[in-house]
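Peer 1: The following block contains the structure, expressed as structure tokens.
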């Protein structure tokens, strides 16, 4: 009983496992996987998965393109507004 009262807690162990993310490797693996699925689709194994993969890739590329265009338009509008405000402040 007395031992329980004076017992000190042990510190927690440091359990850190570093992770490394290689974007090129991920993209290469995705391409290899897409090609493998395409080859399987040609042989008639899983055409549905190949179709889903192609649709997903097309959707991702078009959505990033759309978002890029929208952000560029917003930047141009803001720059135009700021230039009009600066013109009004400096020449009036």
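Peer 1: Let me spell it out: the conditions are (1) over 27 Å from the mean Cα position of the chain (by Cα); (2) modelled with pLDDT under 85; (3) surrounded by 10 or more Cβ atoms within 10 Å (Cβ to Cβ), and residue 80 meets all of them except one. Which number is the exception?
Peer 2: (2)
Peer 1: Can you say whether residue 60 is assigned to a helix (DSSP H, G or I), under 30 Å from the mean Cα position of the chain (by Cα) and at pLDDT 70 or above, as far as the supplied structure shows?
Peer 2: Judged against the criteria, residue 60 is a match.
Peer 1: A further question follows. Considering each of 3, 12, 54 in turn, give the residue that is in a helix (DSSP H, G or I) and at pLDDT 75 or above.
Peer 2: Of 3, 12, 54, the one residue that is in a helix (DSSP H, G or I) and at pLDDT 75 or above is 54.
Peer 1: Moving on. Restrict the check to the range 10-29 and report whether at least one residue is surrounded by 11 or more Cβ atoms within 10 Å (Cβ to Cβ) and either in contact (Cβ under 8 Å) with a residue 12 or more places away in the chain or out of contact with any strand residue (DSSP E or B) (no Cβ under 9 Å at 6 or more places or on another chain) (or both).
Peer 2: yes
The values are calculated or read from the model by the stated rules, or taken from the named source; none is laboratory data. Just so it is clear, the structure is predicted and the values come from calculations on it, not from any experiment. Reconstructed Cβ throughout: ideal geometry from the backbone, glycine too, with neighbour counts over all protein chains shown.
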